[in-house]
Each structure stands twice: as structure tokens, then as C-alpha cells.
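Undergrad: Before I ask anything, here is the structure I am working with.
The values are calculated or read from the model by the stated rules, or taken from the named source; none is laboratory data. Keep in mind it's a predicted model, so treat the numbers as computed, not measured. So basically every Cβ, Gly included, is an ideal-geometry build from the backbone, and we count neighbours across all protein chains shown. To get the accessible areas, we keep the full protein, side chains included, count just its heavy atoms, and leave off ligands, DNA and RNA. Shrake-Rupley method; radii C 1.70, N 1.55, O 1.52, S 1.80 Å.
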Amino acid sequence: MKKITLLLIVLLMSAMLISAEGEKIITQTSIVNAVLKGLYDGEMTFGDLKKYGDFGIGYFNKMGGEVLALDGIFYRIKSDGLTEVIKDSDKTPFFTITAFESNTDNFTNRKFDYDGLKNYLLNMMPRKKSFYAIKIAGIFDNLDARTFLSQAKPYPETKQVLETQTEIKYTNTEGTLVGFYTPEFLEGIGVPGFHFHYLSKDKTRGGHVRTLNVNSITIEFIEISRFQIVLPKNKEFQDADLTMTKSMRKSLQKFEKQ
Ligand SMILES: [Zn+2]
């Protein structure tokens, strides 16, 4: 009898955990293949995006900078690496967002490089086919970031956008990484693997993370198994061939991993 009661309690607790997890959701505007096809015009405003969460990363309209949302404030990282708080009426061509609330709190002062950090995170993640929203605050000995210059129509291919990207090097910098882990099988829809943007502690500087060296950090993360996409309705999106091809895969590798 005792065993049955215990079993019931365990089952009830698991059910509670599952339903709590079920409430978390990742929302994405458009798909990454659309960006790779040169569709840089945003359709969704940041005002509308805010309804889906307070934590996320993506691009500014016309690829005019990397964007990061932390604690509900949206920062555009301009070509000089300096931030600017985004207006609700501004738009984004691609963004991933969720409501971040985590109970995990994992401190480490191991001297990881970027790959070392990724492996450490992979070991912490119970499942590799879920999404994870990840917040990492701390000190970095080095952090190389990049951002983009605003593009003009007719929009160039991502290859040319990459050629004009600005690279910013931070040394002994304190701040927060905001990012996601996306399961590999969603390549082309999202950016597979880890993807982080950086914001300095004084919130004045940042960028898309290319490489880094950890000094000491605190990691918070949430596993998320629900995913929704808000697809653009504009003609450019409807007319584009968004199928994943070998060359698209190459562009994605270059675009997001560099
Ligand atoms: Zn990025």
C-alpha cells in the first residue's frame, strides 16, 4: 500500500513537471533560410514580438545590426558595437524569443574556449532534441563579436553582407550571453546548435559571438519542447525558394558560425 502511495506521488509530481515545462514555448519569426535568400525586410514589429517573451536574439530590419532581448529590453547592436534601445515600431526579419525563467544556477571558473563551453553545455542538457534557452553571465577574458551594416535594396547575398561585417574584440569583459540551442534537424528553419549574442554589463556594447574565452560564469538554462513559427505573408517570402540545398547549408555555416 505504501509503495502504491509513493508511486502515485511520484507520478503526480512528474505530471506537474511536464505541464510546467509544456507552458514554455519558443517563438520564431520567419526562417533562417529566408535570410540566406536575402529577405532582409522585417514584417513583425518589436512591439508585436514582445508579446512572445522577454529573452531572445535575431536581426534588425535590413540586417542593420544584431539584436538581443534581455529582461524585456531589446537592444540593437550597431556596426560600431554600441547598443541602442529599439523602438516598438522597428521591425525584425528573423528573431527567436521566449519568456525566460530558470531555476538552474551553475557557476564555473573553468577556462573554456567557445568549443569547451559548448561541450560543457551539451553535457548539462538532458536531451539533445529539445530547444534550450541559455543565459550565461560572467567575465570573459576575450570575446570576439560581429555585427552588420544596414543593407540597401536590391539586397546583396549574405556572402557580401559577411564581407562588410564589423568585428569587435572585447578583452576582460563582463556581461551576459543570451542564446539558444536548436536541435540539428531544424537546420534551415532555425540556426542549428548553439547561437549566442553578447551584451556588456553596462549594456552599452555587444554583438553576435564568434569566439570567446571564459574566466568565470554562471549558467542558467531552460529546456523547451514547444516551438512555433510566425511566417511572413509578404510576396518576397511567398515567391522565394526556401528549400535547403548544399550551397544554402554552406552559407548557413559561414553566416552563423563566423
Ligand atoms: Zn547571431
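Undergrad: Please report the accessible area of residue 185 (heavy atoms, 1.4 Å probe, ligands and nucleic acids excluded) in Å², nearest 10.
TA: So the heavy atoms of residue 185 present about 130 Å² to solvent.
Undergrad: Same structure, new question: Expressed as a whole percent, how much of the Cα-Cα distance distribution for the stretch 32-257 exceeds 22 Å?
TA: Beyond 22 Å sits 49 percent of the P(r) for the stretch 32-257.
Undergrad: Along the stretch 157-162, what does the Karplus equation 6.51 cos²θ - 1.76 cosθ + 1.60 (θ = phi - 60°) give for ³J(HN,Hα), rounded to whole Hz, x for Gly and Pro?
TA: Listing the rounded values in order: 5, 4, 4, 6, 4, 4 Hz.
Undergrad: In degrees between 0 and 90, to the nearest 10, how far off the longest principal axis of the chain does helix 114-124 point, with axes built from Cα atoms?
TA: 30
Undergrad: How much length is gained if the chain between residue 110 and residue 234 is pulled fully straight, taking 0.36 nm per residue apart and subtracting their Cα-Cα distance, in nm to one decimal?
TA: 39.9 nm
Undergrad: Right, another one. For the chain, set up a GNM with springs between Cα atoms under 10 Å and report which of 199, 121, 70 has the largest fluctuation.
TA: For the chain, modelled as a Gaussian network with Cα springs under 10 Å, the answer is 121.
Undergrad: Give me the compactness ratio for the stretch 170-258, meaning the Cα radius of gyration over 2.2 N^0.38 Å.
TA: In units of the globular-protein estimate, the stretch 170-258 measures up at 1.34.
Undergrad: A further question on this structure: Find the Cα radius of gyration of the stretch 118-233, compare it with 2.2 N^0.38 Å by division, and give the number to two decimals.
TA: Normalised by 2.2 N^0.38 Å, the Cα Rg of the stretch 118-233 equals 1.18.
Undergrad: Same structure, new question: If Lys and Arg each add +1 and Asp and Glu each add -1, what is the summed charge of the other residues whose beta carbon sits under 14 Å from the beta carbon of residue 174?
TA: On the way: positive: 201, 203, 205; negative: 141, 202.
Every neighbour counted, the sum reads +1.
Undergrad: Next up: Per DSSP H run of n ≥ 4, the term is -39500 (n - 2.57); total these for the chain, divide by its residue number, and report the mean residue ellipticity at 222 nm rounded to 500 deg cm²/dmol.
TA: Mean residue ellipticity at 222 nm (helix-derived): -7000 deg cm²/dmol.
Undergrad: Separation between the residue 139 and residue 184 pseudo-spin-labels, each 7 Å from Cα along Cα→Cβ, expressed in nm?
TA: 3.6
Undergrad: Put one equal scatterer on each alpha carbon of the stretch 86-126, apply the Debye formula with no solvent term, and list log10 I(q)/I(0) at q = 0.34 1/Å to two decimals.
TA: -1.20
Undergrad: Right, here's the next one. Taking the Cα atoms only, what angle lies between the long axis of helix 246-257 and the longest principal axis of the chain, rounded to 10 degrees?
TA: So the helix axis and the longest Cα principal axis differ by about 80 degrees.
Undergrad: Can you work out the Karplus-derived ³J(HN,Hα) for every residue in the stretch 47-63? Use 6.51 cos²θ - 1.76 cosθ + 1.60 with θ = phi - 60°, whole Hz, and x for glycine or proline.
TA: x, 6, 4, 4, 5, 9, x, 10, 9, x, 9, x, 10, 8, 3, 6, 6
Undergrad: Give the distance, in whole Å, between the Cα centre of the stretch 155-193 and the Cα centre of the stretch 83-135.
TA: Using only Cα atoms, the two centres lie 12 Å from each other.
Undergrad: How many nm separate the modelled label positions at residue 88 and residue 171, each set 7 Å beyond the Cα in the direction of the Cβ?
TA: The modelled label-to-label distance comes out at 4.4 nm.
Undergrad: Let me ask something else about it. Suppose we take every Cα in the stretch 27-165 and form the convex hull; what volume per residue is that in Å³? If you can, show how the numbers build up before the last one.
TA: Details: hull volume 18.7 nm³, N = 139.
Spelled out: Cα convex hull of the stretch 27-165, divided by residues, is 134 Å³.
Undergrad: Give me the dipole magnitude in Debye, nearest 20, for the stretch 196-258 about the Cα centre, with unit charges on the beta carbon: positive for Lys and Arg, negative for Asp and Glu.
TA: Roughly 220 debye, rounded to the nearest 20.
Undergrad: Want the number for residue 225 to residue 124: 0.36 nm per residue separation, take away the alpha-carbon distance, what's left?
TA: 34.7 nm
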